[in-house]
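One structure below.
The values are calculated or read from the model by the stated rules, or taken from the named source; none is laboratory data. This structure is a prediction, so every number in the text was calculated from the model and none was measured. Backbone-built Cβ (ideal geometry, glycine too); neighbour counts: all protein chains shown. Ligands, DNA and RNA are stripped out before the accessible areas are found, and what is left, the full protein with its side chains, is counted by its heavy atoms. Shrake-Rupley method; radii C 1.70, N 1.55, O 1.52, S 1.80 Å.
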Amino acid sequence: MTDELSATAQRTWSFSTIATPRMRVAEVVHQPGPDAYSDLVRDALASGFAWGSGTMPVVTAAVHVVGGCFHALTLTGTTTVVAPAEPVPLSSAWLKAALDSLEAVVMVVPPGTFDEEMPEQADRTDDPGACAAHRTKLNAVRTGGHLLWAAARIRLDQPPVGASAAGPGV
C-alpha cells in the first residue's frame with residue numbers, strides 16, 4: 001500500500017466476539033504489514049484458509065492462548081508463526097467464547113484496511129461507533145472477496161517457537 005501507513009497500521013491485531021444464533025464466537029483479525037502480506041496469503045491458503053466470499057473452512061491452524069493472552073497463530077502445513085510484538089491480554093468475553101467452542105474465527109485483511117485506530121479489543125471499546133465501523137470494514141472486505149478466513153482451534157499451552165516478545169513473527 002502506501003508508505004504513509006504508520007507502523008501500527010502496518011501490523012495490527014484485533015479481537016472481538018460476535019453472536020450467532022447458537023453461541024458467541026471469538027474472532028481474531030490480523031492486518032499484516034505490506035511486505036508480509038503476499039507471503040501470509042500464500043501460507044494461509046496452503047493451510048486451508050479460504051477467501052471470505054465463500055464458505056469458511058475449519059482448518060488445523062492454531063490460535064495460541066496462554067495465561068489469558070493471545071500469543072500467536074500457527075498455520076498448519078507451513079512453518080509460519082504469526083505473532084504480535086508482545087502477548088495481547090484478551091477480554092473475559094473473548095476467552096469465554098473461545099473456550100466454549102475451543103475455536104476462533106481467524107481473519108486476515110489486506111494492509112490499509114484499518115488505520116492506527118483499529119480497536120485491539122473491538123467488542124470492549126467504549127465507543128459503539130468504533131465497534132460498528134470495525135464490523136462494517138470487515139463485512140466490506142469479506143463481501144469484496146479480500147478477506148481470508150478459517151475456523152482455527154484454540155491451543156492452551158506454551159506459545160510456539162518464534163512467538164515471543166522479542167520476535168513478532170510475520
Counted residues in segment 82-110 being open to solvent by less than 30 Å² (accessible area, probe 1.4 Å) and out of contact with any Cys (no Cβ under 7 Å at 6 or more places or on another chain) come to 14
Over segment 131-170, the set of residues among the aliphatic types (A, V, I, L, M), modelled with pLDDT of 60 or more and open to solvent by 30 Å² or more (accessible area, probe 1.4 Å) is A132, A133, A140, L156, V161
Exception for T8 within (1) modelled with pLDDT under 60; (2) more than 22 Å from E86 (Cβ to Cβ) falls at (2)
D115: passes all of (1) among the charged types (D, E, K, R); (2) open to solvent by 20 Å² or more (accessible area, probe 1.4 Å); (3) in a strand (DSSP E or B) but (3)
